[in-house]
1. Roughly how many Å² of Cys225 are accessible to a 1.4 Å probe, to the nearest 10?
2. To the nearest 20 debye, what is the magnitude of the charge dipole of the range 36-189 about its Cα centre, counting +1 on the Cβ of each Lys and Arg and -1 on the Cβ of each Asp and Glu?
3. Taking only C-alpha pairs under 8 Å that are 6+ residues apart, what is the relative contact order of the range 68-169 in percent?
4. How high is the relative contact order of the chain, in percent, with contacts defined as C-alpha pairs under 8 Å that are six or more residues apart?
5. Treat every Asp and Glu Cβ in the chain as -1 and every Lys and Arg Cβ as +1, leave all other atoms uncharged, and give the resulting dipole magnitude about the Cα centre to the nearest 20 debye.
6. Return the whole-Å distance between the Cα centroid of the range 52-80 and the Cα centroid of the range 119-152.
7. For a protection proxy built on the mean count of beta-carbon atoms within 10 angstrom, sort 69-82, 205-218, 125-138 highest first, please.
8. For the range 116-223, what does the accessible surface come to per residue with a 1.4 Å probe? Please give it in Å².
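The values are calculated or read from the model by the stated rules, or taken from the named source; none is laboratory data. The model shown is predicted, which means the values in this text are computed figures rather than measured ones. Glycine also receives a Cβ, built like all others from the backbone with ideal geometry; neighbour counts cover every protein chain displayed. What goes into the accessible areas is simple: the full protein's heavy atoms, side chains included, and nothing from ligands, DNA or RNA. Shrake-Rupley method; radii C 1.70, N 1.55, O 1.52, S 1.80 Å.
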Amino acid sequence: MSDLARAEAILREACGERLRPHFAMAPLTTFRVGGPAALYLEPESESDLEAAGRAFTQAAVPVVVLGRGSNVLVADGGFPGLVLRLGRSYRWSARDGRDLTAGGAMPLPALAGVALHHRLTGLEFGVAIPATLGGAVRMNAGAHGHEMAEVTASVQVFRLTEGGVATVPAVDAGFGYRRSDLGEDAVVVGAHLRLAPEDPSAIRILMEEARAWRRATQPLAEPNCGSVFRNPEGDHAARLIEAAGAKGRRIGGASVSTKHANFIVADPGARAADIVALIAEVGALVEAREGVRLEPEVQLVGTFT
């Protein structure tokens, strides 16, 4: 029995028909490209995650956790392991005074709306970030000069190698620019956010500014993954890409957006191979012409040649 077949047997026994083999991934990502996942599961409970942990440790299949798919590029050949996407039972929120606690599947824009409802400030920047709370915490997502590390008090993670949910204080999460040190086997199932009281009208102004900025500067009508490269210290990737003459450059069905140079957009029929080749070409151009090596922000899922 192959490792994949062993993993499927473990998950089928625990989760039944909710386990989906050969599951299309493209519709779950904002790029809308890429092949299928060999195995796909939307965990609804800790027991589901325990089964995924057994598949990970006993069958040694690779595992990827997917949120809203906004920072992901799936290979044309798909992913030869298990993709987890937290189910509806992890989409919840609760308030305790100035604090919000929420499940890992809670969309960040919706959680920003919950904060507004409770007259709490600090999460306005999240209204323009198409991510789940789990994904946003894991990558320390940010916008408009703010990031998740500023408001996160603690993170609840399920570790696939150990089992069980553990609480990680923010000071131990290893937050940095668009990153954390939560570990590759950690599924972010929830987080505790510390906010501050504020007048709702002031919160609404900040949220609308964030929405307006996104509409004005980003190619929202075209499939993309968000920012492709991290901003180097003291500079902006978009400025460097434009200065290197890469704005509008195209490979196959992928092109550098003419609206925002740090976005790559995918035409109908584009391949993941087009996008990853364009990422490499843009990075090489910037390094050759501007002397700066850009670090990709997008997560590659699967095998790229």
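1. About 10 Å², rounded to the nearest 10.
2. Result for the range 36-189 is approximately 360 debye, rounded to the nearest 20.
3. Details: 125 pairs, mean separation 18.8, N = 102.
Normalised by residue count, the contact order of the range 68-169 is 18 percent.
4. Working: 662 pairs, mean separation 54.0, N = 305.
That works out to 18 percent.
5. Here the chain has a charge dipole of around 680 debye.
6. A separation of 24 Å, based on Cα centres.
7. 125-138, 69-82, 205-218
8. I get 45 Å² per residue for the range 116-223.
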